[in-house]
1. Just name the residue that is nearest to Gln188 (Cα to Cα) out of those in the stretch 52-75 that are assigned to a strand (DSSP E or B) and within 14 Å of the ligand (Cβ to nearest atom).
2. Given Phe171, Phe180, Phe190, which one is farther than 19 Å from Lys141 by Cα and in contact with a His (Cβ under 7 Å, 6 or more places away or on another chain)?
3. Output the number of residues of the stretch 23-51 satisfying the condition of being modelled with pLDDT of 80 or more, more than 12 Å from the ligand (Cβ to nearest atom) and assigned to a helix (DSSP H, G or I).
4. Answer with yes or no whether Asn89 is out of contact with any Asp or Glu (no Cβ under 9 Å at 6 or more places or on another chain) and near the ligand (Cβ under 9 Å from one of its atoms).
5. In the stretch 88-136, how many residues are in a loop (DSSP other than H, G, I, E, B), crowded, with 21+ Cβ neighbours inside 10 Å and in contact with a helix residue (DSSP H, G or I) (Cβ under 7 Å, 6 or more places away or on another chain)?
6. Using the structure shown, decide if Ala158 is more than 21 Å from Asn32 (Cα to Cα) and either out of contact with any Gly (no Cβ under 7 Å at 6 or more places or on another chain) or not polar (S, T, N, Q) (or both).
7. Among the residues of the stretch 101-132, write down those that are touching a Gly at 6+ places or on another chain (Cβ under 6 Å) and within 14 Å of the ligand (Cβ to nearest atom).
Amino acid sequence: THFGYREVPTGDKQKLVGQVFSSVAGNYDLMNDLMSLGIHRVWKRYFVATAQVGKGDRVLDLAGGTGDIAALLKDRVGDAGEVVLGDINAGMLRVGRDRLTDRGLVRGLEYVQCNAEQLPFPDASFDLVTIAFGLRNVTDKDAALREMQRVLKVGGQARVLEFSEVQADWFKPLYDFHSFKVLPRLGQLFAHDAGSYRYLAESIRRHPPQDELKAMMEAAGFARVDYRNLNAGIVAIHTGYRV
Ligand code: SAM
């Protein structure tokens, strides 16, 4: 269900509020918080805490953006491990690197500008490949999944964290209301940008639901593909292995 949407008139106060969140990263984090009511932080922590990864591993976080996942992963691979943060956007990569550097995370971190559809890494380079809230934005998702499979070592795990299809019927109207009514207005008010927030909600509805993404991962060559819904399927974690 798509609710009708009316533009909120732009006032000086809104301009002021907008200026507060003028940096790319600031807007980006705000967007995440508004989108998920802050819960994305919990989802990300769970996503990394339950990953198949150990000390000394070499891992790749695709569409890594501002580095939330990479920072959590670095903690898991330890001093001997290595985290490669890949993103197609140079601006996001720069913000990610500055962030992690400010937190004292320098050694064992690498930043690579790359398209998930065509990775600049040899076969079997990583113990774990993750992509969080990124696959939705990739044009050729099948190509990205095949590439994730290719760069994994045998026995390695791929993990996808993404918005998915809400499973609880009672919750669907509330979720739609939040997505199409509340969110664009919050976006307008705080980030001066209703359009992007509306796009976000629509891109989530277009993303393949749980079982479809599972089938895509199997078609890309992953074995033992499975998924787990979090919060009634607002997001899902898909996992697959290279065998
Ligand atoms: N993973 C981060 C997180 O969870 O906070 C960032 C998610 S952000 C919504 C999506 C990211 O995907 C952006 O940083 C964008 O630049 C990146 N991206 C979009 N298309 C991509 C592609 N084809 N290959 C690699 N990165 C891509």
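The values are calculated or read from the model by the stated rules, or taken from the named source; none is laboratory data. The shown structure was predicted, so the numbers you read here are calculated from the model rather than taken from an experiment. Every residue, glycine as well, gets a Cβ built from its backbone with ideal geometry; the counts of neighbours run over all protein chains shown.
1. Just the residues of the stretch 52-75 that are assigned to a strand (DSSP E or B), to begin with: 58-62.
Going one step further and asking which of them are within 14 Å of the ligand (Cβ to nearest atom), we end up with 59-62.
Working: Val59: 37, Leu60: 34, Asp61: 31, Leu62: 29 Å.
Filtering the stretch 52-75 for residues that are assigned to a strand (DSSP E or B) and within 14 Å of the ligand (Cβ to nearest atom), the one nearest to Gln188 (Cα to Cα) comes out as Leu62.
2. Values: Phe171 fails: in contact with a His (Cβ under 7 Å, 6 or more places away or on another chain); Phe190 fails: in contact with a His (Cβ under 7 Å, 6 or more places away or on another chain).
Exactly one of Phe171, Phe180, Phe190 is farther than 19 Å from Lys141 by Cα and in contact with a His (Cβ under 7 Å, 6 or more places away or on another chain), namely Phe180.
3. So the answer is 3.
4. Working: out of contact with any Asp or Glu (no Cβ under 9 Å at 6 or more places or on another chain): yes; near the ligand (Cβ under 9 Å from one of its atoms): yes.
Yes: the conditions hold for Asn89.
5. Applying the first criterion (in a loop (DSSP other than H, G, I, E, B)) to the stretch 88-136 yields 88-89, 103-108, 114, 116-117, 119-125, 133-134.
Those still in the list that are crowded, with 21+ Cβ neighbours inside 10 Å too: 116, 119, 133-134.
If we keep only those that are in contact with a helix residue (DSSP H, G or I) (Cβ under 7 Å, 6 or more places away or on another chain) too, we end up with 116, 119.
Result for the stretch 88-136: 2.
6. Spelling it out, Ala158 is indeed more than 21 Å from Asn32 (Cα to Cα) and either out of contact with any Gly (no Cβ under 7 Å at 6 or more places or on another chain) or not polar (S, T, N, Q) (or both).
7. Of everything in the stretch 101-132, those that are touching a Gly at 6+ places or on another chain (Cβ under 6 Å) and within 14 Å of the ligand (Cβ to nearest atom) turn out to be Val112, Cys114.
Here is a yes/no grid of residues against (1) in contact (Cβ under 8 Å) with a residue 40 or more places away in the chain; (2) in the same structural domain as Asp142 (by TED's automatic domain parsing); (3) not small (Gly, Ala, Ser):
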{"site": "Tyr197", "(1), (2), (3)": "yes, no, yes"}
{"site": "Ala201", "(1), (2), (3)": "no, no, no"}
{"site": "Arg228", "(1), (2), (3)": "no, yes, yes"}
{"site": "Val235", "(1), (2), (3)": "yes, yes, yes"}
{"site": "His238", "(1), (2), (3)": "yes, yes, yes"}
